[in-house]
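Participant: I'd like to ask some things about the structure below.
What follows draws every value from the coordinates through simple rules; no lab data is involved. Given the structure is predicted, the values throughout are model-derived calculations rather than measurements. Every residue, glycine among them, receives a Cβ derived from its backbone with ideal geometry; neighbour counts consider all protein chains shown.
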Amino acid sequence: MKPDQSHIDRWLLARKQQRSNRTHALLLKGLLEGSVSTLSQAITLIESNTKEDIQIAQKLLSSLPEPKQTAKRIGITGVPGVGKSTFIEQFGMQLIKAGHKVAVLAIDPSSSRTGGSILGDKTRMEQLSMQPNAFIRPTAAGHTLGGVAQYTRQAIALCEAAGFDIILIETVGVGQSETLVHGMVDFFVLLMLAGAGDELQGIKRGIMELADLIVINKADGENTAPAKAARSEYAAAIHVFAQRPDQWQPRVVCASGMNGTGLDEIWNITESYFNQLQQVGILGEKRQMQELQLFDKLLFEMLQAQFFAKAEYSELYKSIRVAIAEGKIKAYEGQAALQERMKDNP
Ligand SMILES: Nc1nc2c(ncn2[C@@H]2O[C@H](COP(=O)(O)OP(=O)(O)O)[C@@H](O)[C@H]2O)c(=O)[nH]1
Ligand SMILES: [Mg+2]
């Protein structure tokens, strides 16, 4: 007969529980005291794959008090090399000097595919990373877009709890990452370069429409005049965009992240944006809408994953695609065939 081990199991479970309670209490205390190392540890937990870590992270997130002030969430995007990291370092330093606590989250959803990462940027933010009131962190890559969005939201909540009042989110302007980031920030800044004659190329018009502020960056040295010309061109281009529900008229400015020109103006614009949103009273609404969009995204990703996890569905899906590609059936017929199968075999 097998010996009864249930009391040992119970004991182990109780000990695990005790440990996780202790971890939770320590993390919460550290966060509320503004400890950067605790913040870092907490973000590691939300990104973890182990069940225990996830439990602690979720408990921590749900026990966070309402932040005393909600942080300004600012997204900064643009093609690789446009100067995002340099800009953030300068801008961040300026904000720190003005008494803010600045968190930088760098997101690179493409890194799981390319193997590269904007992590290397961290070394460029040498000054900023030395500041006690700064926190710099690349967030989880290698997840679905919804997954990355979810982790980043959670990281934002943790930063807010730790007293950071400005959160800068850097993302590379490639693929879908900029729409992803647009969906989780209040203010969306697009960095661009003055190109020789091809100002409006290289970046999708759709992204320009999302921008609350377009910065013609590297407006220094020989680039100063072309940058000014580009500024006028962009200003004319975005003027034709439809009016927005928040009544904000997107702006275009020149700046140099390297020597700091234009950064004061950018901060003034940022503040007037937040003032306007608060006056119109739609900042909360905007964030709730983003939360809903994230929920939808996560749900669709979940359903998609469930669908493809079923071997017979994914096999059928593949063969239908082949049939469509060969012109044997139409898309709607393929869909009907799939629906039929799913009905019979849910
Ligand atoms: N002239 C000039 N060069 C810059 C400026 N900002 C960044 N750079 C340079 O452009 C390159 C890319 O900058 P980085 O900040 O890493 O760009 P990111 O890939 O968008 O993060 C680096 O060699 C920087 O030194 C700027 O304002 N003016
Ligand atoms: Mg960078």
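Participant: Report, by chain and number, residues whose modeled amide H sits under 5 Å from the one on Leu191, excluding near sequence neighbours (fewer than 5 apart, same chain).
Facilitator: Long-range HN contacts for Leu191: Thr77, Gly78, Val215.
Participant: Taking the alpha-carbon centroid of each part, what is the distance from the stretch 245-266 to the stretch 40-76 in angstrom?
Facilitator: 31
Participant: Which aspartates and glutamates have a Cα less than 14 Å from the Cα of Lys16, not counting those fewer than 8 places away in the same chain?
Facilitator: Result set, ordered by chain and number: Glu52, Asp53.
Participant: What nm distance separates the two modelled labels at Leu292 and Gln279, each placed 7 Å from Cα along Cα→Cβ?
Facilitator: The two pseudo-label positions are separated by 2.6 nm.
Participant: Listed highest first by mean packing, meaning other Cβ atoms within 10 Å per residue, what order do 325-332, 279-286 come in?
Facilitator: Working: 325-332: 10.0, 279-286: 13.1.
Listed from highest to lowest mean packing, they are 279-286, 325-332.
Participant: Are any of the pairs Lys84/Lys218; Lys29/Lys59; Lys72/Lys218; Lys59/Lys297; Lys97/Lys218; Lys218/Lys286 more than 20 Å apart by Cα-Cα distance, and if so, which?
Facilitator: Going by Cα-Cα distance, Lys72/Lys218; Lys59/Lys297; Lys97/Lys218; Lys218/Lys286 fall outside the 20 Å limit.
Participant: How large is the dipole of the chain about the Cα centre if only Lys and Arg carry +1 and Asp and Glu carry -1, each at its Cβ, rounded to the nearest 20 debye?
Facilitator: On the way: 37 positive and 37 negative charges, 187 e Å.
With Lys and Arg at +1 and Asp and Glu at -1, about 900 debye.
Participant: So, one more: Please report the base-10 log of the normalised intensity I(q)/I(0) for the chain, using a Debye sum with one equal scatterer per alpha carbon and no solvent, at each q in 0.13, 0.15 (1/Å).
Facilitator: Cα-only, vacuum Debye calculation for the chain: -1.06, -1.26.
Participant: If I build a Gaussian network model for the chain, linking alpha-carbon pairs within less than 10 angstrom, which residue out of Gly75, Gly260, Gly195 has the largest mean-square fluctuation?
Facilitator: Among Gly75, Gly260, Gly195, the largest mean-square fluctuation in the Gaussian network model of the chain belongs to Gly195.
Participant: Rounded if a/c is under 1.5, else prolate if a/b is larger than b/c, else oblate: which is the stretch 236-346, with a ≥ b ≥ c the root eigenvalues of its Cα gyration tensor?
Facilitator: Since a/c reaches 1.5 and a/b is larger than b/c, the shape of the stretch 236-346 is classed as prolate.
Participant: Give the long-range amide H neighbours of Val104: residues separated by 5 or more places, or on another chain, with amide H under 5 Å away, using H modelled in the peptide plane at 1.01 Å from N.
Facilitator: Those lying under 5 Å, H to H, from Val104 are Phe135, Ile136, Arg137, Leu168.
Participant: On a full-extension model of 0.36 nm per residue, what is the gain between Lys330 and Gln304, subtracting their alpha-carbon distance, rounded to one decimal in nm?
Facilitator: Full extension of this stretch gives 7.2 nm more.
Participant: Mean residue ellipticity at 222 nm from the helices of the chain, using -39,500 (n - 2.57) per DSSP H segment of n ≥ 4 over the full residue count, to the nearest 500 deg cm²/dmol?
Facilitator: Counting only the DSSP helices, I get -18000 deg cm²/dmol.
Participant: Sticking with this structure for a sec: Mind running the shape call on the stretch 6-62? Use the C-alpha gyration tensor, a ≥ b ≥ c as the square roots of the eigenvalues: rounded below 1.5 for a/c, prolate if a/b tops b/c, oblate otherwise.
Facilitator: Prolate, since a/c reaches 1.5 and a/b exceeds b/c.
Participant: For the stretch 177-184, what does the Karplus curve 6.51 cos²θ - 1.76 cosθ + 1.60, with θ = phi - 60°, yield as ³J(HN,Hα) per residue in whole Hz, taken in order and with x for Gly and Pro?
Facilitator: Values per residue, Gly and Pro as x: 5, 6, 5, 4, 5, 3, x, 9 Hz.
Participant: Follow-up. Compare the Cα positions of Ile207, Ile282, Phe135 along the charge dipole of the chain (+1 at Cβ of Lys, Arg; -1 at Cβ of Asp, Glu; about the Cα centre) and return the one farthest towards the positive end.
Facilitator: My answer, from the dipole projection, is Phe135.
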